[in-house]
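Single-structure report; data block below.
The values are calculated or read from the model by the stated rules, or taken from the named source; none is laboratory data. Note that this is a predicted model, so its numbers are computed, not measured. Backbone-built Cβ (ideal geometry, glycine too); neighbour counts: all protein chains shown. Ligands, DNA and RNA are excluded from the accessible area calculation, which covers all protein heavy atoms including side chains. Shrake-Rupley method; radii C 1.70, N 1.55, O 1.52, S 1.80 Å.
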Amino acid sequence: LKTEKKLANGIPVTVKENKGSQTVCISTAISGGMLASPVKEKNLRSILVSAAAKNSHIGNITSETLETVSYITCEVLKDNLEQTLDAISNALIYGEITPVQADRLFADESYSTLMKNADLGTQMRNNVFAYLLRDTNPGQIFRDYDNKYNSASYQSLLSGYTEFLDASLYSIVICGDVSYTEAFSAAEKSEFCKSLSLKPAPAISQSVKLQ
């Protein structure tokens, strides 16, 4: 049984009940992905999401940033569902990055990028998409992927965290032996619902032609 409902701030929560499961899987999607990073700091969103995952202090949590979306995923015991949602939301909203932690994040991201770029399949894929999307903004993330502009700055990390305060970025999927009522209640009690709000839409300027 799969049920979806939105929190008061518009964040969709999808619950997939899986009777008999020993654990509950929580996947938090954050829209934007690599495309949300500045051209000269292509790995900024990836590092920010990785920092949030680490700051949650959940043992088996993972993070992944793709072209248009990032995921923070973990598997916990049912009794720890509410506590885990609190930990993830607090890390995204109130998390801080120290200079020492930033150094580790930069090093981890550089190593990850190096390993990906060493793969022939990744090189071919990037070259194909760089050519196909050569005149578009998405093409930027595939061009010169391993150049010197692939590294974010510490100051960018500090200011970039504010991007996570927009509720419209998020969607949450909860799967396991947990009822929809229990899962949605846990999400409502978390900072995902309490502290996030939708960013106001940008004003549309209209020019008036005088007769």
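Within the set Lys42/Lys194; Lys6/Lys194; Lys19/Lys54; Lys40/Lys116, which residue pairs have Cα atoms separated by over 23 Å?
Beyond 23 Å between Cα atoms: Lys42/Lys194; Lys19/Lys54.
Ignoring ligands, DNA and RNA, what accessible area per residue does the chain give at 1.4 Å, in Å²?
Result: 57 Å² of accessible area for each residue.
So, by mean Cβ neighbours within 10 angstrom, what's the order for 13-19, 47-53, 187-193 with the highest one leading?
Ranked by mean Cβ neighbours within 10 Å, highest first: 47-53, 187-193, 13-19.
How big is the C-alpha Rg of the stretch 1-91 next to the rule-of-thumb value 2.2 N^0.38 Å, as a ratio?
Against the compact-globule rule of thumb, the ratio is 1.17.
Please report the carbon-and-sulfur percent of the accessible area for the chain; probe 1.4 Å, protein heavy atoms only, DNA, RNA and ligands left out.
The nonpolar share, carbon plus sulfur, comes to 54 percent.
Report, in debye and to the nearest 20, how large the dipole of the chain comes out about its Cα centre when Lys and Arg carry +1 and Asp and Glu carry -1 on their Cβ.
600
Using a simple spin-label model with points 7 Å from Cα along the Cα→Cβ vector, what separation in nm is obtained for Ser153 and Glu96?
It is 2.2 nm.
Which of the DSSP-defined H helices in the chain satisfy a minimum axial length of 15 Å, computed from C-alpha atoms, and a minimum mean Kyte-Doolittle hydropathy of -1.0?
Sorted by number, the helices that extend far enough and score high enough are 44-55, 81-94, 99-118, 120-132.
When the helices in the chain are scored as -39500 (n - 2.57) per DSSP H run of 4 or longer and the sum is shared across all residues, what 222 nm value do you end up with, to the nearest 500 deg cm²/dmol?
-11500 deg cm²/dmol
With Rg/Rh (Cα atoms, Kirkwood Rh) in mind, check [x] 1.03; [y] 1.00; [z] 0.93 and report the label derived from this structure.
The listed entry that was calculated here is [x].
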